[in-house]
Number of protein chains: 2
Amino acid sequence: MLRLYDYAASANCYKARLLLAQLERDFERVPIDIFDGDTLTPEFARLNPRREVPVLELDDGRVLVESNAILWYLGAGTPFLPAEPAAQAEVVRWLIYEQSDVMPMIGGLRFRLITCRIEPGGEEAHRRTTGAYAALALLDEHLSSHEFLAAGRYTVADSSVYAYSHVAGQAGIDTSAYPAFRAWLGRVEAQPGFVNDLEPYPANASVLAGRSIYG
Amino acid sequence: MLRLYDYAASANCYKARLLLAQLERDFERVPIDIFDGDTLTPEFARLNPRREVPVLELDDGRVLVESNAILWYLGAGTPFLPAEPAAQAEVVRWLIYEQSDVMPMIGGLRFRLITCRIEPGGEEAHRRTTGAYAALALLDEHLSSHEFLAAGRYTVADSSVYAYSHVAGQAGIDTSAYPAFRAWLGRVEAQPGFVNDLEPYPANASVLAGRSIYG
């Protein structure tokens, strides 16, 4: 059976859970507490030298890392990933944008503010806030003329970008100027099988510094 | 015929030229001078709202943006991109890592130093230098037990990561502590059809600020 090494409050992990639910696939969930050192063990480093969740272990023992690569594997051959090369290239484009811009800016800002790793008015918060609004502006422009991000239909690109962008408000980001983006959030949430089981960070996350890899 | 909007000194563009050469595919090359405002025109914004090269225009008029998405499209159905889902997921993983870490750290540092946009000893140079060495360390560790990055053979993941990592020295990065990485550079360069036509930035690039989107 598929085995997902998973942290409930990680939106990168939530992506995988969302697609698994939409595909109605069984899997074994292995909880990994990133604030309790679970990613800092030698055993976890053998699974993923980057010490990040999620990790997906396949039936044959192969291991996949990187949330969007896991979405690709799970989505292949299903309606969530088109087969045509140009359509696949569009999906690749948005999976990359999610990790190069959406996740580090919106997700990175949210994580660091909630866990008190950076000051709300400081230089790093400013850099990531600026990046977060730039990412939302680009998404909003694209979604003003596209129902979904890629290939003219709901794909793993949408579930990936949804994961961190829908909690932008928790990073102090005001999305009211991006109506096409907000309408798209609603279209994602209206998909068959949609679930949202993303948990909040623990209330004492800010005092657990040093027990996670995230600075 | 395929049309590539291309800047000769961009390693993101070089990736596409390298794969097109390896595939022996004909294409029309449209030179785009990022230092002469060519990406700042309304016409270019219609091609790519992010105002970045490369852009690939297909025979049917469809437009693909994002260098690694272009590699995916060109590689599909060829020996440069495996068909098996888990192998494809590995390629996706490295294409993402290239854009989230290798390109912004090594490529971003190189561009900003050569064009005098940042100070060699300043805070941003320090941040990107640290990130560049972290990226090289991760590549070196992976390549110490893998001949190529993904799927057990040469794929578009290798050509993508090669593009910026092989010019790390131009960003002041010393790669001598990463022998597995350096040996892999040699294996990439030994591939059939390998070309390296990446040009240097223009000597006066530093005085052309304001005529490109890159800060």
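Quick note: the coordinates plus some simple rules give every number you see, no bench work behind them. All values derive from a computational prediction rather than experimental measurement. We place every Cβ from the backbone using ideal geometry, glycine too, and count neighbours over all the protein chains shown.
With the simple spin-label model, which puts each label point 7 Å out from Cα in the Cβ direction, the A:Thr41 to B:Asn196 separation comes to 4.4 nm. Would you please state which residues of the stretch B:1-33 a label at B:Asp60 would reach in this model, taking the label point 7 Å out along Cα→Cβ and a backbone N cut-off of under 15 Å? The answer is B:1-2. Divided by 2.2 N^0.38 Å, where N counts the residues, the Cα radius of gyration of chain B comes to 1.00. Rounded to the nearest 20 debye, the dipole size of the stretch B:85-189 about its Cα centre is 180 debye, using +1 on the Cβ of Lys and Arg and -1 on the Cβ of Asp and Glu.
Positive end of the dipole of the protein assembly as shown (Cβ unit charges, origin at the Cα centre): among A:Tyr154, A:Pro192, B:Asn196, the Cα lying farthest that way belongs to B:Asn196.
When shorter helices are ignored and each DSSP H run of at least 4 residues is given -39500 (n - 2.57), the per-residue value for chain B at 222 nm works out to -13000 deg cm²/dmol. Looking at the stretch B:1-105, the DSSP beta bridges with both ends there are about 55 percent antiparallel. Pull out a ≥ b ≥ c, the square roots of the eigenvalues of the alpha-carbon gyration tensor of the stretch B:85-189, then state rounded if a/c is under 1.5, prolate if not and a/b is larger than b/c, and oblate in the remaining case. In terms of gyration-tensor shape, prolate.
Each copy carries B:Glu141; placing its label point 7 Å along the C-beta direction from Cα gives inter-copy distances of 3.7 nm, listed from smallest up.
B:Arg153 label point (Cα plus 7 Å toward Cβ) to equivalent points in the other copies: 3.0 nm, shortest first. Restricting attention to chain A, close to 65% of DSSP beta bridges with both partner residues there are antiparallel.
Remark: spin-label model distance B:Ala203-A:Glu84 equals 5.0 nm, labels positioned 7 Å along the Cα→Cβ axis.
Within 10 Å of each residue's Cβ, count the other Cβ atoms and sort B:Trp72, A:Trp94 from fewest upward. Exposure proxy ranking, most exposed first: A:Trp94, B:Trp72. Of all DSSP beta bridges confined to the protein assembly as shown, the antiparallel ones make up roughly 60%. With 10 Å bins beginning at zero, the pair-distance distribution over Cα atoms of the protein assembly as shown amounts to 4, 21, 33, 29, 11, 1 %. A cut-off of 5 Å between modelled amide H atoms, ignoring neighbours fewer than 5 places along the same chain, links A:Asp6 with A:Val30, A:Ile32.
Computed from label points 7 Å out along Cα-Cβ, the spacing between A:Glu189 and A:Glu123 is 3.8 nm.
Calculate the FRET efficiency for A:Ser176 and A:Ala137 from the Cβ-Cβ distance with a Förster distance of 22 Å, rounded to the nearest 0.05. Rounded to the nearest 0.05, the efficiency is 0.95. For chain A, leaving out every one of the GluC sites (Glu not before Pro) that falls in a DSSP loop and has at most 16 other Cβ atoms within 10 Å, the longest unbroken run is A:25-146.
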